[in-house]
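**Q** Have a look at this one before I ask anything.
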Amino acid sequence: MKLATLKDGSRDGHLAVVSRDLKHAQFADVACATLQTALDDWAFFEPQLRAIYETLNRERSKTAFAFDPAQAMSPLPRAYQWADGSAYVNHVELVRRARGAQMPESFWHDPLMYQGGSDDFIGPMDDIVLASEDWGIDFEGEVAVIVDDVEMGVDAVAALAHIRLVMLVNDVSLRNLIPEELAKGFGFFHGKPSSSFSPVAVTPDELGDAWHDGKVHLPVHVTWNGKRVGMPNAGVDMVFNFGQLIAHVTKTRRARAGTIVGSGTISNKGANEDETIGYACIAEKRCIETIAFGSPVTPFMKFGDRIRIEMLDANGASIFGAIDQVVAKP
C-alpha cells in the first residue's frame, strides 16, 4: 500500500491512497483524514485503506484523480519524533579518518543517533530555503521507517513488527555549522535544519523480496544538478538494521505511533574504490578526497542547485516517487 499527504492549506494535509504505479490517487476520507490518525489506530484503519488501495489498482473510480507529487507534503508533515541513526558505519569511519581521528570500537555495536526537529518537514518537491551558502549545504540520501506504538525495552527482533511504513529521506545538513555545535558537547541543532521525505510512504510488503532482515536491499539513486553522483545499495554495509535502531530508540522510553526512525546516510565501502557506487552525501565525497589528496575538492551546494533522490524496483519503476528539490534563498 502507498500513502501520501497532499497539500490542503492545513499543517497536516489530506491523506490520500496512491496507486502502485504512482499515477492515480484517491482521498482516504472514507477511512481517515490524516496519516497520523491512521497510525494512531493502525489495526482499525489499515484494512480500510488497503481496500481503497486494491480498488484503485484494479480500476479507476469516479473519485480518483491524477497523482501530482508536487502537491505532496512529506507523508507526515510533522511528527511526534524524528530519530536519525547512523547505521552505515563506513560513513562514520570515513568522516573520522578524514580528520585524523580514531573511531571507537563501540561504534560497531552501539549505534549513533540524534533527535532531529520534527515539527516542520519539507515537502518532497518544495525548495530547501536557507539563508547562506556559507553554512556548507549538503544533502543526505537515507531510508526511514514509521512505527506504531512501541514499548520501552523492545528487542530488535520484536521491533520489526512495529514498522508500518517505509520512505526515503533527504536529511539536509549544514556541514560548516556542525563542528562548532558538536564542540559544545550538546549535539546537533542549527546544523540539522528541516528534513524532507519521499512523496509516498509504502508498507513493507510493497518492497517484495527487497525487504528482509530489517533492511531495504535496493540502491538509492542520487542525482545532483542532473548528474548521477551515487547509487549505493541501502541493504549493503548497513551494520544496524531497523529493528536494532528502533530498539536503540526505546532503550529508555516508549516510541509513540508516528515516530520516524532514519537509517543515516547510505554508504557502501566499495565506493572508496568503485566510483560507479558513488555517494549519498557531499561530505562523504569530500572525506574520500581529503584522505586521498589532503584536502577536499568537491564544493557544497549553492543556491539554485537541484538534488534528486529516488529508489527503483527491479523493473525500473519508482517505488516512493522522487525527492526533487532546489536550494533557494529566503
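The values are calculated or read from the model by the stated rules, or taken from the named source; none is laboratory data. Here the structure is a predicted model, which is why all the values come from computation and not from measurement. Virtual Cβ from ideal backbone geometry, glycine too; neighbours counted across all protein chains shown. In case anyone asks, the SASA skips ligands and DNA or RNA and just uses the protein heavy atoms, side chains included. Shrake-Rupley method; radii C 1.70, N 1.55, O 1.52, S 1.80 Å.
**Q** Assign one of three labels to the range 89-162, namely rounded, prolate or oblate, based on the Cα gyration tensor with a ≥ b ≥ c the square roots of its eigenvalues; rounded applies when a/c is under 1.5, prolate when it is not and a/b is larger than b/c, and oblate otherwise. Intermediate results must be reported in sequence, preceding the final value.
**A** Values: a/c = 2.74, a/b = 1.12, b/c = 2.45.
It is oblate, given that a/c is not under 1.5 and a/b is not larger than b/c.
**Q** A further question follows. Multiplying the sequence separation of Ser132 and Thr298 by 0.36 nm and subtracting their Cα-Cα distance, what value in nm do you get? Can you show the working numbers first?
**A** On the way: separation 166, 0.36 × 166 = 59.76 nm, distance 1.80 nm.
Length gained between Ser132 and Thr298: 58.0 nm.
**Q** Taking 0.36 nm per residue of sequence separation and subtracting the Cα-Cα distance, how much length would be gained by fully extending the chain between Thr276 and Ala314, in nm to one decimal? Don't skip to the end; give the middle numbers.
**A** Details: separation 38, 0.36 × 38 = 13.68 nm, distance 1.84 nm.
Answer, rounded to one decimal: 11.8 nm.
**Q** Treating the beta-carbon of each Lys and Arg as +1 and of each Asp and Glu as -1, no other charges, what is the dipole magnitude of the chain about its Cα centre, to the nearest 20 debye? Before the final figure, lay out the partial values.
**A** Values: 31 positive and 44 negative charges, 80 e Å.
Dipole size: approximately 380 debye.
**Q** Given the options Gly116, Val150, Tyr88, identify the residue whose Cα lies farthest towards the positive end of the charge dipole of the range 36-151 (+1 on Cβ of Lys, Arg; -1 on Cβ of Asp, Glu).
**A** Tyr88
**Q** At 1.4 Å probe size, with no ligands or nucleic acids counted, give the accessible surface of Asp110 in Å², nearest ten.
**A** Taking all protein chains as shown, Asp110 has close to 80 Å².
**Q** Using a 1.4 angstrom probe with every protein chain in place, what is the largest-first accessible-area order of Met231, Met167? Show your work: numbers first, answer last.
**A** Values: Met231 75, Met167 0 Å².
Final ranking, largest accessible area leading: Met231, Met167.
**Q** With a ≥ b ≥ c the root eigenvalues of the C-alpha gyration tensor of the range 27-162, is it rounded (a/c under 1.5), prolate (a/b larger than b/c) or oblate?
**A** It comes out oblate by the Cα gyration axes.
**Q** Rule-of-thumb check for the chain: C-alpha Rg over 2.2 N^0.38 Å? Don't jump to the answer; show the numbers that get you there.
**A** Numbers: Rg = 19.1 Å, N = 330, 2.2 N^0.38 = 19.9 Å.
For the chain, the normalised Cα radius of gyration comes out at 0.96.
**Q** Determine the sum of side-chain charges near Leu312: Lys and Arg each +1, Asp and Glu each -1, restricted to other residues whose C-beta is under 15 angstrom from that of Leu312.
**A** Values: positive: Lys2, Arg20, Arg228, Arg308; negative: Asp21, Glu206, Asp209, Glu310, Asp313, Asp324.
Net charge in that neighbourhood comes out at -2.
**Q** Can you work out the FRET efficiency for the pair Ala70 and Val157, with r the C-beta to C-beta distance and R0 = 45 Å, to the nearest 0.05? Walk me through the intermediate numbers first.
**A** Values: r = 40 Å, r/R0 = 0.88.
Using R0 = 45 Å, I get an efficiency of 0.70.
**Q** Still on this structure, please answer the following. Going down the table (Lys2/Lys23; Lys227/Lys285; Lys7/Lys192; Lys192/Lys215), which pairs top 18 Å between alpha carbons?
**A** Values: Lys2/Lys23 11 Å; Lys227/Lys285 15 Å; Lys7/Lys192 24 Å; Lys192/Lys215 24 Å.
Violating the 18 Å limit, Cα to Cα: Lys7/Lys192; Lys192/Lys215.
**Q** Apply the a/c threshold of 1.5 to the C-alpha gyration tensor of the range 144-274 and tell me whether it is rounded, prolate or oblate. List each step's numbers first, then the result.
**A** Numbers: a/c = 1.70, a/b = 1.12, b/c = 1.52.
Since a/c reaches 1.5 but b/c is at least a/b, the shape of the range 144-274 is classed as oblate.
**Q** Here's something else I'd like to know. Taking a 1.4 Å probe, which of Val154, Val202, Val239 shows the most accessible area, and what order do the others take after it?
**A** Values: Val154 25, Val202 0, Val239 50 Å².
Reading off the accessible areas and sorting them downward yields Val239, Val154, Val202.
**Q** Taking GluC sites (Glu not before Pro) as candidate sites, keep only those in a DSSP loop with at most 13 other Cβ atoms within 10 Å, then name the longest stretch of the chain containing none of them.
**A** Working: sites that count: Glu59, Glu151, Glu273, Glu275.
Free of exposed loop sites, the longest segment is 152-272.
**Q** Provide Lys2, Lys215 ordered by accessible surface of protein heavy atoms (probe 1.4 Å), highest first. Please list the in-between numbers first.
**A** Details: Lys2 10, Lys215 40 Å².
Ranked from most to least accessible, the order is Lys215, Lys2.
**Q** Continuing with the same structure: Label points 7 Å out from Cα along the Cβ direction at Arg99 and Asp29: separation in nm?
**A** 5.2 nm
**Q** Once the dipole of the chain is set up with Lys and Arg at +1 and Asp and Glu at -1 on Cβ about the Cα centre, which of Asn241, Ser106, Phe65 lies farthest towards its positive end?
**A** Phe65
**Q** Hey, what did the chain get for relative contact order, percent, Cα under 8 Å, at least 6 apart? Provide the component values of the computation, followed by the final result.
**A** Numbers: 808 pairs, mean separation 75.2, N = 330.
Across the chain, relative contact order equals 23 percent.
**Q** Next question, about the same structure. Quantify how much of the Cα-Cα distance distribution of the range 251-330 extends past 21 Å, in percent. Spell out each step's value before the answer.
**A** Working: 1639 of 3160 pairs.
Of all Cα-Cα distances in the range 251-330, 52 percent exceed 21 Å.
**Q** For Lys302, which aspartates and glutamates qualify as cross-link partners when the Cα separation must be under 17 Å and same-chain residues fewer than eight apart are set aside?
**A** Filter leaves Asp126, Asp127, Glu133, Asp134, Asp138, Glu140, Asp171, Asp324.
**Q** How much accessible surface area, in Å² rounded to 10, belongs to the heavy atoms of Arg308 with a 1.4 Å probe?
**A** 90 Å²
**Q** Taking the Cα centre of the range 67-142 as origin and charging only Cβ (+1 Lys, Arg; -1 Asp, Glu), how large is the dipole, in debye to the nearest 20? Please list the in-between numbers first.
**A** On the way: 4 positive and 14 negative charges, 68 e Å.
For the range 67-142, the charge dipole is close to 320 debye.
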